[in-house]
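Data block below; observations after.
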Amino acid sequence: MEIRRASTVAELMAAEHLYDGPARPEWAERFLAAPGHLMLIAYEDGKPAGMVSGIEMLHPDKGTEMCLYELSVAQPYRRRGIGRALTEALAAVARERGCYDMWVGVDTDNDAALAAYRSAGARDDGEFAVLSWEF
């Protein structure tokens with residue numbers, strides 16, 4: 001397995017099968033251009049097997065933290081440590097960038113995600129609610 005940071009629209013589009021829905025080239029281009037946005041892709045035999053995306057969040061009284069926005073591993077590659085490796089790689093980038101921590105929101109019944117994050121060193125901060133606005 002090789003983990004690389006995505007730097008082209010073509011790389012993001014080739015990993016589309018790892019996303020929740022179809023990718024759009026214009027959104028991929030905007031993602032790459034946005035400061036603090038990054039995606040790491042794990043490759044097996046030259047093909048995208050998993051991805052993790054992160055977004056740096058900055059606040060005047062806290063500094064910078066990394067939000068692990070999404071983690072996905074293609075079905076044939078699950079339970080091989082790819083999710084853990086991607087999470088650890090994103091944490092390493094966060095440290096390199098001077099982030100004071102990294103966090104992720106995860107459903108409490110998502111056992112696979114919880115196991116991957118815990119195996120990569122995350123600790124449980126307890127339950128919290130997520131509220132959203134649809135536009």
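Please treat every number below as a calculation from the coordinates, not as lab data. Only a predicted model underlies this, so the values are computations on that prediction, with no experimental measurement involved. Glycine gets a Cβ as well: all are built from the backbone with ideal geometry, and neighbour counts include every protein chain shown.
Take every Cα pair under 8 Å in the stretch 16-62 that's 6+ residues apart, average their separations, divide by the length, and report that relative contact order as a whole percent.
Normalised by residue count, the contact order of the stretch 16-62 is 29 percent.
Based on Cβ point charges of +1 for Lys and Arg and -1 for Asp and Glu, what charge dipole magnitude is obtained for the stretch 81-135 about its Cα centre, in debye rounded to the nearest 20?
Dipole size: approximately 360 debye.
Assuming R0 = 25 Å, can you tell me the calculated FRET efficiency for the pair GLU127 and TRP27, based on Cβ-Cβ distance, to the nearest 0.05?
Taking R0 as 25 Å, the efficiency between GLU127 and TRP27 is 0.20.
Mind putting a number on the dipole of the chain about its Cα centre? Charges go on the C-beta only, +1 for Lys and Arg and -1 for Asp and Glu, and I need it in Debye to the nearest 20.
460
So what is the 222 nm mean residue ellipticity for the chain from helices alone, if each DSSP H run of at least 4 adds -39500 (n - 2.57) and you divide by all residues, rounding to the nearest 500 deg cm²/dmol?
Helix-only estimate at 222 nm: -8500 deg cm²/dmol.
Under 16 Å from a point placed 7 Å out from the Cα of ALA92 along the Cα-to-Cβ direction: which residues of the stretch 1-26 have their backbone N that close?
Flagged as within label range: 1-6.
Could you please state, rounded to a whole Å, how far the C-alpha centre of the stretch 48-71 is from the C-alpha centre of the stretch 92-127?
When both Cα centres are located, 10 Å separates them.
Quick one: what are the phi-derived ³J(HN,Hα) couplings along the stretch 64-71, Karplus 6.51/-1.76/1.60 with θ = phi - 60°, whole Hz, x for glycine and proline?
Values, residue by residue: 10, 10, 9, 9, 6, 7, 7, 10 Hz.
At a temperature of 4 °C and a viscosity of 1.567 mPa s, determine how fast the stretch 1-74 diffuses translationally according to Stokes-Einstein, using the Kirkwood radius over alpha-carbon pairs as Rh; express D in µm²/s, rounded to the nearest whole number.
Working: Rh = 12.9 Å.
Reported coefficient: 101 µm²/s.
Note the listed values [x] 1.12; [y] 1.05; [z] 1.17, then indicate which one is Cα Rg over 2.2 N^0.38 Å calculated from this particular structure.
[y]
Would you tally the net charge around SER53, using a Cβ to Cβ cut-off of less than 12 Å, leaving SER53 out, and scoring K and R as +1, D and E as -1?
-2
Using a 10 angstrom Cβ neighbour count of at most 13 plus a DSSP loop assignment to flag exposed trypsin sites (Lys or Arg not before Pro), which longest range of the chain is free of such sites? Please report the intermediate quantities before stating the final value.
On the way: sites that count: LYS62, ARG79, ARG97, ARG123.
Maximal segment without exposed cleavage sites: 1-61.
Give the calculated FRET efficiency between ASP107 and GLU44 to the nearest 0.05, with a Förster radius of 25 Å applied to their Cβ-Cβ distance. Write down the numbers at each step before the final one.
Values: r = 27 Å, r/R0 = 1.06.
Approximately 0.40, to the nearest 0.05.
Which whole-number percent is the relative contact order of the chain (Cα, under 8 Å, 6+ apart)? Could the numbers behind the result be given before it?
Numbers: 193 pairs, mean separation 25.4, N = 135.
The normalised contact order for the chain reaches 19 percent.
Kyte-Doolittle cut-off 0.0, length cut-off 20 Å along the helix's own axis using Cα: show which whole DSSP H helices in the chain pass.
82-96
When Lys and Arg each count +1 and Asp and Glu each count -1, what net charge do the other residues less than 15 Å away from LEU12, Cβ to Cβ, add up to?
With Lys, Arg at +1 and Asp, Glu at -1, the neighbours total -1.
Pairs of Cα atoms under 8 Å, at least six residues apart: use those to get the relative contact order of the stretch 20-96, whole percent.
Relative contact order of the stretch 20-96: 24 percent.
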